[in-house]
Structure formats: C-alpha cells, structure tokens
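Beneath this line is the structure, given in structure tokens, with notes to follow.
Here, each number is a calculation from the coordinates, and none is a lab measurement. Not measured: the values here are computed from a predicted model. Cβ: placed from backbone, ideal geometry, glycine included. Neighbour counts: every protein chain shown.
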Amino acid sequence: MIEIKNLHAKIGGKEILKGLNLEVKAGEIHAIMGPNGAGKSTLASVLAGREDYEVTKGSVDFDGADLLDLATEDRAREGLFLAFQYPIEIPGVSNINFLRTAINEIREYKKEDPISAKDFMALVREKSKLVELDSKLASRSVNEGFSGGEKKRNEIFQMAMLNPKLAILDETDSGLDIDALRVVANGVNMLKSNDNATIVITHYQRLLDHIVPDFVHVLYDGKIVKTGGKELALELEEKGYDWIKEELAN
Amino acid sequence: MNVIIPKKAELASKLEATTIPVSSEDKQLALEVIEKTPLPTTRTEAWKYTRVARIGKIAFTNQQAKIKSSIEKYIIDFSAATLVFVNGHFEKELSSDNLPEGVSWNLLSALDVLPKTKLKLENEIFNSLNTAHLTDGIQLTVAPNIVVEQPIQILHILKGTKVISNFKVLVNAEKSSQASIIQGYFSEEGENKFCNVISEINVAENATLSIDKIQYEDEHSFHISTEEVSQECNSLFTMNTSTLNGGLVRNNLHINVIGENCNSILNGIYLTKDKQHVDNHTIVNHVAAHCESHELYKGVMDDKSTAVFNGKVFVRPDAQKINAFQSNGNVLLSDDATVNSKPELEIYADDVKCSHGSTTGQLDEEALFYLRARGLSKHSAHQLMVSAFIGEVLDMFKNKNVRSYIDALLQERFGWE
C-alpha cells in the first residue's frame, strides 16, 4: 500500500523527519506513537502534501505511484485521506456541496461518471448514520460552530464518504470524551477492509483499545525507533518514553 | 507668475447639445460647467484612487446602433417586463409592449420638460455631461397603493468605438406602492466606449422599491453611474449592485433619507480581473430620526485589477435613534491586485447606533489545503471559497432569477461551475 523509505523533511530550515522508514500493507492498521515534537504530525502533513514542508531526501511509494511527486488533490484522488488534527472551520462552504464536488472530481480523475444526486444523498444518509453525525450537521458549513467531538466525527464522516485506500488519523482521539471516542473508533472499524489500510497517530493507548492495531511504532526524533505489536502501546502507556530514549542511548 | 490653465476636456468636443427637453436652467449651467471644468484628478478627494484622465482625451460621439446578438442573452429575468436601450436610444422592437398595471412610463424625449435635476452640477463634469448632452432615458412612475409583482427590467447595451451614451432613468415610486426594477448594463464591440448614466429616484411615503443592478460591460468600456435617491417617511429602499465586468466602473450611490422610520439596504459585489478598475462610492445621508441603514459590500480582485470602496454615512443633528451599519470585505487573489477601502462615519446626533468595518485579506491557505486534501482541484477550492465569501451578499438578493443570471455570468467570466 505505502512504502516510506529514508524520509527526510524540514520546515523553516529545521529538520524534523530524519530518515523515516515505514511500510503499511493492505488490510493492516498501524499505530504511530511518540513524545511531543517527535515528528508525528509532520509525517501526516508531508504525506498529505502540505507545502510548508520540504522533503529533502527519501521516497514514498503509494500503490505504485510516486506520492511525493503528486499535488495534494491528486494524492487524495489516488486514495490517501488525512483526518486533520485540527479540522478547520470554513464559513459559507457547505459540507455536502464540497463533498459532492470532491467525490465528482475524484471520479473524474479515475475516468468515472459523476455520482447522481440520488445516490449521493443515499450515501450521505448511510455514512452520517455510521458516525452518528446529525444529518443537519452534514449540510451545514464545514465545521462551523461544531463542537470538538462533532468536528472529529465529521472527519470520519468525510472519510466514509470518500472511501480512501489509506487513511491517516492525526490525533483524531485527542480531546474526545469516551463516547465520542467510541463513535469515531467504531466508524473506523466499520470502514476497515482487506483492501484498505489505516495509520493511527496518537498520544494515548486508550484509542487502541477501540481500534486494535496490527503494529505499533514509536516515532522519536524523526525516526521510527521501535516496532511491536499492540502490547507495545500498553507498555508505553505504563512506562512513558524514557526507557526507549535510554535504550537508544545505549 | 505662471498661470496654469486647466486643460479643457476633449470628451464633449464633438457632441451637440441635447435635444431632450432638459430644464433650460440645468442645460445652461451644465454647458458652462463642461466649458470651464477640467476632469477630476487624483488630487480631488472623491477621485483619489480612480484616474479618469483617459476619458477626458477621447472625443466621444453618439449614434444609434443595432445589436448583433439576440436580446435573449441580456435578459436577466424572463418574468420581467423589458425595456431595451442601445447607446441610450430606445429599441421598441426589442422591448415589451406593455408594462405591468400601475406603472406608467415615458421616454424622456417624449416629455414636455424634464424636472429640474436634484444632482449637483457645479464642478461635476460627468453630471453636467449627462445633463447637457442627454441622449435619452426613461421616466417610470408607480401609482399610489399599487403592488407591482412583475419586475421591470431596463437593459442598456453600449456599442461602437468612442461612443457615449448619456442615459437617464427617473423613478417615482408613489405613496404606499411597491415595485422592483432591474437595470442591466452590457456592451457589444468597440473600444473606448462610455456609458454615463444617472438615475434619480424618489421613494414616497410608505413605498417599497428595490433595484437590482448588474454591470457587465466589456473591458474596453468606461461606466460612470450615479444614483440619487430620496426616501420619504416609512419607506423601504434596497439597492443591489453587482459589478462583474467593465474596464473602468465608477458607481456613485447617494441615498438621502429625509423622512422618519425608513429602511435603506445597500448590497454590493464586485469581482475583477486583468486590469479592471471598479470604484464604489456610497453616501447614506440620515437627516431624519428613527431610521435604519444596512450596507454590505464585498469584492474579490484578481490579476492586476483595482477596486475602491468609499462608504460614507452621515447622521445629521436631528437624526436621533438611527441604526446605521456598514461593512466592506475584500479578498485579493493575486499579489498585484489592489483595493482601497475607506469606510467613513460622520455623526452629529447623540443617540444613535452606528458601526462600520472593513477587512482585506487573502483566501485562507489552511482552508484551501483542507479542501484540496479532500480531492478538490485548486480551481474548485478557490471558487468554493470565493463563492462562500460573496455568497453572504448574494443571499440577500430576493429575486431568484437575478441570482441565477449572476451565477451564469460568474460561470462565463470566471469559469465557475
């Protein structure tokens, strides 16, 4: 699905990613954990194509395409989805209208016919139910006046609508109460299939009780320094990151 | 000592004095003003950001002309009664035979004498030019107590090189009447053409009048339009101005609120590109108490285009209990686009609620990234953001046909879908 090799990236002259390697196969869920400032969100931003970041070295192969060579929108059209850590409010732009435009531009890119209004509305009804998003919210301006939990649910709703190959959830669990967390996790689990994959970036093991990862990686100082199964997350929750730093120092 | 003699403008040099029965006093004064008044320069406060020197160097003429394309494409609202003018001359064959019941009309050329103008002529070369060289125009009267459902649209098409149309619209909405008027300004071929239009509008006691104005002349056109409105007590007046094309466009919208308990609504959008220049000057003059005015203008400028917004609200000493709100927002899409925004309030009464504000910025990069990360092209993301921005103004337009026509023009000119 995605193969990241020796990825180096900097912002404003400061190197954040320093040779990151990661491979995710179809059907897998990977969790990336790590202390603040390790480069977790930078990784998400670089993969989604945020222009503030400069990739200085390395390669990313996304299902045969050179991801770093694609514009942001083409990455999305190839099936990459980023659930934002801080979903932005866009007053006046309707959630529904913009999603229909997005779906149709993705279809056009794949040389498919546009979705009919009827099919689109049916899809909206089905997917908003999945994340328990009030259908009124679905038709409002993007995230405008949404609570923190509603914004995150809206991210998963959009993910469900776009049905990506690879979803990257950037701290989607931060700031959610346990009910909202359960809804978000439930949505992710329902969308999981053998053909898609998920990268979950998180601070907390708590989310991983609900979204069970196949692999847990520790990102530290711009690199993946340790990889294990889901039990690694429990160990990190209990002991923090100092022991990993010590391990590295030795 | 050197005496600087102001250079006389060329613009009227080839024009004959009007044969329309303008009041002789107005005509005499207007001719004198043209003779002795140079064009305003950027040293004139009201023209600080708009250079009109180019207009002064052209010796304009006026001719009748026939339009090439079918009138259909200029029809803004197919449900409306239509009056068509080309270069200021009435086109009977292209116009509706009848106006709705309760609306009477006359061509200005058919009147015995025009009412004396309410506009200032001294030092005002464009007002004087319109008065002394008036091409033709229309007088509309809405009878008292009549509610006119069908809109009346006045379409003006400018055609030909160095052609000028000094066009005039007189509207009298009588007591307790209700009507809506659409004004559309378009153009066909020709360089350096000039539409110089004046509307004098009276909204009588308890009357409701709304005007939707669409300006879509091409980039080789000059357009100066002045609306002089008076509102008597308990009246409601709405003016929606949409400037979507035109080389140099200047709008002067003056509303004199002389009666109590009036409501004045001024909405405007302007979208510019290439080297266009669009200038909106508005004045709301609150003379009487217990009135409200709401003004919202928004603009989006691309390429090397320039826009000006100057909105003035006066609250005179006797105008207590006034609520006057004014807001202007601008988005610049390119590094070379410019806007000069100047909201002004002058308050001489002490029990009023007034606010004004002006913002200028670029589209939110973070929002654009968000939309693109969902698969939208840069173009679609821009368009969605811009249309959300001006949508706040367009949502105020009550006539849905006008709204659809504007959407179609946005598609034609800016590639919106």
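Okay, here's what the table says:
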| read-out | value |
| --- | --- |
| Over chain B, relative contact order from alpha-carbon pairs under 8 Å, at least 6 apart, % | 10 percent |
| Table column - 3J(HN,Hα) (Hz), region A:180-191, Karplus curve with 6.51, -1.76, 1.60, x for Gly and Pro | 5, 4, 5, 5, 4, 5, 4, x, 4, 5, 5, 8 |
| Amide hydrogen neighbours beyond the local backbone of B:Asp218, cut-off 5 Å, H modeled | B:Ser187 |
| B:Ser79-B:Glu346 pseudo-label distance in nm [points 7 Å out on the Cα-to-Cβ vector] | 4.2 nm |
| Distant alpha-carbon pairs in chain B (separation over 33 angstrom), percent | 32 percent |
| Sorted by Cβ density within 10 Å, fewest first, the residues B:His156, A:His203 | A:His203, B:His156 |
| Nearest 10 degrees, 0 to 90: helix A:230-239 Cα axis against chain A principal axis | 60 degrees |
| Whole-Å semi-axes of the ellipsoid equivalent to region B:223-357 (Cα gyration tensor, √5λ, descending) | 30, 14, 10 |
| Pairs of Lys in region B:99-255 closer than 19 Å at Cα, counting only those 8 or more apart or on different chains | 8 |
| Rg to Rh quotient for region A:1-114, alpha carbon positions, Kirkwood Rh | 0.99 |
| Low-density loop positions, GluC sites (Glu not before Pro), region A:56-155 - DSSP coil, at most 13 other Cβ in 10 Å | A:Glu112 |
| Percent of beta bridges antiparallel (DSSP, the protein assembly as shown, rounded to nearest 5) | 15 percent |
| Projected area, mean over directions - region B:131-216, Cα convex hull, nm² | 5.7 nm² |
| For the protein assembly as shown, fraction of C-alpha pairs farther apart than 45 Å, in % | 37 percent |
| Within region A:29-163: Cβ-based charge dipole about Cα centre, in debye rounded to nearest 20 (Lys, Arg +1; Asp, Glu -1) | 560 debye |
| Approximate spin-label separation A:Ala71-A:Lys129, in nm, with each point projected 7 Å along Cα-to-Cβ | 3.7 nm |
| Hull volume in cubic angstrom per residue (convex hull over the Cα atoms of region A:34-178) | 129 Å³ |
| Inter-label distance, nm, simple model (7 Å from Cα along the C-beta direction), B:Arg51/B:Glu365 | 3.2 nm |
| Residue order, fewest to most surrounding Cβ atoms within 10 angstrom, among B:Cys291, B:Cys262, B:Cys233 | B:Cys233, B:Cys262, B:Cys291 |
| C-alpha long axis of helix A:148-162 to longest principal axis of chain A, angle in ° | 70 degrees |
| Order of B:Ser210, B:Ser165, B:Ser109 under a 10 Å beta carbon neighbour criterion, fewest first | B:Ser109, B:Ser210, B:Ser165 |
| Estimated [θ] at 222 nm from DSSP helical runs (n ≥ 4, -39500 (n - 2.57)) normalised by residues in the protein assembly as shown, nearest 500 | -7500 deg cm²/dmol |
| Spatially proximal aspartates and glutamates relative to B:Lys73 (Cα-Cα < 14 Å; intrachain offsets below 8 disregarded) | B:Glu188, B:Glu217, B:Asp407, B:Glu412 |
| Loop sites in region B:66-167: chymotrypsin sites (Phe, Trp or Tyr not before Pro), DSSP, at most 11 other Cβ within 10 Å | B:Phe78 |
| Chain A: angle of helix A:117-130 to the longest principal axis, Cα-based, in degrees nearest 10 | 50 degrees |
| Cβ-defined net charge surrounding A:Thr72, 13 Å radius [Lys, Arg +1; Asp, Glu -1] | -3 |
